[in-house]
1. Using Cα atoms only, what is the angle between the long axis of helix 44-63 and the major principal axis of the chain, expressed in degrees (0 to 90) to the nearest 10?
2. When only Cα pairs under 8 Å and 6 or more residues apart are kept, what is the percent relative contact order across the chain?
3. For the chain, which whole-number percentage of the solvent-accessible area (1.4 Å probe, protein heavy atoms only) is attributable to carbon and sulfur atoms?
4. Leaving out ligands and nucleic acids, and using a 1.4 Å probe, what accessible area per residue does the range 12-87 come to in Å²?
5. I'd like the Karplus ³J(HN,Hα) series for the range 8-25: coefficients 6.51, -1.76, 1.60, θ = phi - 60°, whole numbers in Hz, and an x wherever there's a Gly or Pro.
6. Please work out how much length the chain gains when fully extended from residue 6 to residue 22, using 0.36 nm per residue of separation minus the C-alpha to C-alpha distance, in nm with one decimal.
7. Among the trypsin sites (Lys or Arg not before Pro) within the range 12-87, which fall in a DSSP loop and have no more than 16 other Cβ atoms within 10 Å of their own Cβ?
8. What nm value, rounded to one decimal, do you get for the distance between residue 33 and residue 84 when each label is placed 7 Å out toward the C-beta?
Amino acid sequence: MANSAQARKRARQTVKQRAHNFSLRSTLRTAIKRVRAAIAAGDKAAAETVFRQSTSVIDRIADKKIIHKNKAARHKSRLAAQIKAIA
């Protein structure tokens, strides 16, 4: 347990920040799942529309350093390749 007032405050802040980060990470996963669902449905136009929206979410979360920028780029690249592969 934290001994100083400063350490106690920091512990409180950490709990609050962790909950916020968890929420953002959940938003990221949902955005990726929406694109994958559109790809699985085979509708290229819908998949591209959802991908554009999800790209914005992915970039926003990477800017906040919830995930690394390279991981964001990897997600976007793989999703784009899957969309391109739809016949």
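The values are calculated or read from the model by the stated rules, or taken from the named source; none is laboratory data. Just so it is clear, the model here is predicted, and its values are computed rather than measured. Quick reminder, even Gly has a Cβ in these numbers, built from the backbone with ideal geometry, and neighbours come from all protein chains shown. Note: areas computed on protein heavy atoms with side chains; ligands, DNA, RNA excluded. Shrake-Rupley method; radii C 1.70, N 1.55, O 1.52, S 1.80 Å.
1. 20 degrees
2. Worked out over the chain, it gives 28 percent.
3. Solvent-exposed carbon and sulfur of the chain make up 53 percent of the total.
4. Here the per-residue accessible area is 70 Å².
5. Once θ is set to phi - 60°, the couplings for the range 8-25 become 5, 4, 4, 5, 4, 5, 5, 4, 5, 5, 4, 5, 5, 4, 4, 5, 5, 5 Hz.
6. Separation in residues times 0.36 nm, less the Cα-Cα distance, equals 3.3 nm.
7. 64, 65
8. In this crude label model, residue 33 to residue 84 measures out at 2.8 nm.
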